[in-house]
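The values are calculated or read from the model by the stated rules, or taken from the named source; none is laboratory data. Just so it is clear, the model here is predicted, and its values are computed rather than measured. Every residue, glycine among them, receives a Cβ derived from its backbone with ideal geometry; neighbour counts consider all protein chains shown.
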């Protein structure tokens with residue numbers, strides 16, 4: 001269960017108290033289990049180690065602050081990992097310079113105790129505390145305001161600093177930007193959302209609100225975090241094309257190329273008997289025609305290549321499947337020849353789906369930022385889930401997933417995609433009407 005109480009100052013203090021208790025409990029556990037080692041640590045070392053661990057947990061709570069209503073457990077796991085890693089690094093540095101000696105037991109067990117207490121607090125204690133702060137306050141207005149607010153599980157209280165004529169009838173106009181602090185005191189919102197970066201005309205006021213515990217986020221960043229897609233509807237093409245965050249990291253691509261080619265080669269060797277049998281079946285029972293067909297696609301840096309697959313249709317142009325083709329499609333074997341594309345370095349295991357060369361050219365003309373997807377190799381598995389019926393909606397949504405992959409590309413993301421595909425999971429989706437209406 002998630003809790004709206006999380007982003008308030010009282011919740012932050014409660015988190016820090018639970019963390020302190022967890023670190024103190026680790027000290028008692030160390031004293032009980034290893035009394036001889038405990039006696040070797042001075043009071044200064046015990047106090048210094050406690051302070052360092054406590055401060056790293058406090059930093060993790062700030063660096064990994066949550067924004068949604070559905071992310072309690074992933075958020076807690078992330079905070080525990082970040083805080084433990086920071087604590088180990090700081091203690092190692094202090095130990096190297098002879099400033100502090102600290103037991104790994106105290107660091108790791110303290111993190112476990114703190115994480116356990118935070119889990120209890122966020123599951124049973126915090127939800128029982130009723131917060132008076134509810135709803136979303138919009139600074140400015142944009143097409144994705146309602147879907148993002150809906151994903152947060154909060155109603156829209158109103159908008160500040162937006163032209164009243166641009167607001168939907170159900171969204172009240174609350175005032176101008178210079179009245180922001182007064183409006184926040186009156187409305188007590190759980191979230192403050194900036195419709196676009198240009199709306200942050202009062203940085204000092206927004207900073208003060210964030211320091212007071214209010215969750216202040218801009219819609220594009222929150223949209224990306226909630227739906228795992230890059231918000232590209234409200235940005236100019238040149239702004240996206242020149243964005244350094246959408247440039248693929250060369251080191252990450254090099255690492256991915258190593259394990260992609262290695263895994264592809266292993267699967268190709270292991271599945272080659274099956275591929276030979278399928279090819280022979282097509283040649284014997286689906287004549288005339290080749291066993292393997294190909295289509296021209298745009299690859300890395302828009303370099304064309306031939307994407308391979310087993311032929312499943314008749315060669316007479318009727319569009320009907322052959323008998324063998326029906327069996328191949330039913331067993332999901334049609335795309336096995338793509339392993340050859342992987343070994344040849346034309347595609348990867350993970351990445352944006354391959355696109356026909358003529359489609360890529362046309363879509364780049366319509367959406368210039370579509371060319372960004374060719375900064376990485378196309379892949380067999382990608383972030384985008386099943387595509388909807390509306391073609392334009394599908395391409396716009398898919399390019400958002402592709403841009404997210406390019407921006408966040410890493411072996412961890414590849415592993416997450418693999419787990420989702422194997423478990424039949426889907427990405428976080430907007431309802432159809434909101435998605436279509438935002439285009």
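The table for this structure:
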quantity: Count of residues meeting criterion [over 18 Å from residue 219 (Cα atoms), in a helix (DSSP H, G or I) and touching a residue at least 24 places away in the same chain (Cβ under 8 Å)] in the stretch 159-183; calculated: 3
quantity: Residue pairs meeting the criteria (Cβ under 6 Å; at least 6 apart or on separate chains; first in the same structural domain as residue 296 (by TED's automatic domain parsing) and closer than 19 Å to residue 421 by Cβ, in the stretch 343-370; second at pLDDT below 90 and surrounded by fewer than 18 Cβ atoms within 10 Å (Cβ to Cβ)); calculated: 350/381
quantity: In the stretch 285-303, the residues that are without any contact (Cβ under 8 Å) to a residue 60 or more places away in the chain and either loosely packed, with under 13 Cβ neighbours inside 10 Å or not in a strand (DSSP E or B) (or both); calculated: 285, 286, 287, 288, 289, 290, 291, 303
quantity: Those residues of the stretch 276-325 which are over 28 Å from residue 360 (Cβ atoms) and touching a helix residue (DSSP H, G or I) at 6+ places or on another chain (Cβ under 8 Å), in sequence order; calculated: 278, 281, 282, 285, 286, 322, 323, 324
quantity: Options 282, 274, 255: the member that is modelled with pLDDT of 75 or more, within 22 Å of the chain's Cα centre (by Cα) and in a helix (DSSP H, G or I); calculated: 255
quantity: Meets criteria (within 32 Å of the chain's Cα centre (by Cα), surrounded by 15 or more Cβ atoms within 10 Å (Cβ to Cβ) and more than 30 Å from residue 361 (Cβ to Cβ)) for residue 339; calculated: no
quantity: Count - residues of the stretch 305-326 that are touching a residue at least 24 places away in the same chain (Cβ under 8 Å) and surrounded by fewer than 12 Cβ atoms within 10 Å (Cβ to Cβ); calculated: 1
